[in-house]
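Structure, as structure tokens:
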């Protein structure tokens, strides 16, 4: 599923190469060579899927453009990849705190650029074609979490720990229900809800919240529904990691 990409870069050689590479992969690419032109493109077109934004732009800086982007309702959650010619941890932190999705150092190799854009292409495919995903998970919550982590591997470690925690808690919940331990059941359900909230597991949160207010009989009767939702959530997270969407 091709992407509509806004590329902001003032160096003709760099934007020429990057635009040609991306167009060669079938993507639609608009180029803005300064910050004012970038804002004008965003105001005129409300459907970019991905924005590649140079930090050091003439007329209006990349950070100023980023602030404008995040203030636009249509672009509040669109991925923005900040590009800089220098590896500077302070700039990286400032960009991520301002709402950038990733911070990349130039030059970005052709292979790395194509791989990176393919990841966001897969993300668009999932969000567009899999309506069930939007009901199960708010992927934006996971993306926001990834911004403050040092690496993608760190994010995957957190997701794998969450998956194992859900599985362990479901086993514990079954045991507590079989033993008639109503208070323990509620405590486990509350814990699953809290963990799900950190990752935007929407259906899991909703089902747990519903079960917290049930009496013992209804709570036991709802275990199968919770287990189905938990299994679907775990399977979806595993698939998103395997396919490189997150």
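I need 101, 239 ordered by Cβ neighbour count within 10 Å, fewest first. Intermediate values should be presented prior to the final figure.
On the way: 101 21, 239 14.
Fewest-to-most Cβ neighbours within 10 Å comes out as 239, 101.
For residue 17 and residue 106, the difference between the fully extended length at 0.36 nm per residue and the C-alpha to C-alpha distance is 30.8 nm.
Each label point was placed 7 Å from the Cα along the Cα-to-Cβ direction; for residue 97 and residue 215 their separation is 5.3 nm.
Using only DSSP helix segments of four residues or longer, with each worth -39500 (n - 2.57), what per-residue ellipticity at 222 nm results for the chain after dividing by its residue count and rounding to 500? Write out the running numbers ahead of the final one.
Values: 12 runs with 158 residues, N = 246.
That comes out to -20500 deg cm²/dmol.
When Rg and Dmax are taken over the Cα atoms of the chain, they come to 21.4, 70 Å.
Ordered from longest to shortest, the equivalent ellipsoid semi-axes for region 144-242 are 27, 12, 11 Å, each the square root of 5 times a Cα gyration tensor eigenvalue. As a length-normalised measure over Cα pairs under 8 Å and 6 or more apart, the relative contact order of the chain settles at 15 percent. Using a Förster distance of 41 angstrom, determine the FRET efficiency expected from the C-beta separation of residue 76 and residue 184, and round it to 0.05. Plugging the Cβ-Cβ distance into 1/(1 + (r/R0)^6) gives 0.50. Of the beta bridges DSSP finds with both residues in the chain, what % are antiparallel, to the nearest 5? Looking only at bridges with both residues in the chain, the antiparallel portion is about 5 percent.
Could you tell me what fraction of 2.2 N^0.38 Å the Cα radius of gyration of region 4-129 comes to, as a two-decimal ratio? Before the final figure, lay out each step's value.
Working: Rg = 13.4 Å, N = 126, 2.2 N^0.38 = 13.8 Å.
This ratio for region 4-129 stands at 0.97.
Taking R0 as 35 Å, what FRET efficiency do you get between residue 44 and residue 168 from their Cβ-Cβ distance, rounded to the nearest 0.05?
Working: r = 51 Å, r/R0 = 1.46.
E between residue 44 and residue 168, to the nearest 0.05, is 0.10.
Neighbour counts of other Cβ atoms within 10 Å put 104, 55 in the fewest-to-most order 104, 55. How far, in degrees from 0 to 90, does helix 35-44 lean away from the longest principal axis of the Cα atoms of the chain, to the nearest 10? It is inclined by approximately 60 degrees.
Given C-alpha coordinates of region 202-241, what is the ratio Rg to Rh with the Kirkwood estimate of Rh?
Numbers: Rg = 11.5 Å, Rh = 10.7 Å.
Reported Rg/Rh, Kirkwood definition of Rh: 1.07.
When each of the peptides 192-205, 40-53, 211-224 is scored by the mean number of other C-beta atoms lying within 10 Å of its residues, the order from highest to lowest reads 192-205, 40-53, 211-224. Fewest neighbouring Cβ atoms within 10 Å first, the residues 65, 108 line up as 108, 65.
The Cα-based radius of gyration and maximum Cα-Cα distance (Dmax) for region 56-108 are 10.8, 31 Å.
Please give the contour-minus-distance gain from residue 25 to residue 239: 0.36 nm per residue of separation, less the Cα-Cα distance, rounded to one decimal in nm. Mind showing how you got there, number by number?
Details: separation 214, 0.36 × 214 = 77.04 nm, distance 2.41 nm.
Answer, rounded to one decimal: 74.6 nm.
So how tilted is helix 182-198 from the main axis of the chain? Cα-based, degrees 0 to 90, rounded to 10. Result, in degrees: 0.
No value in this document is a laboratory result; all are computed from the given coordinates. In this text, all values refer to a predicted model and were calculated from it rather than measured experimentally. Virtual Cβ from ideal backbone geometry, glycine too; neighbours counted across all protein chains shown.
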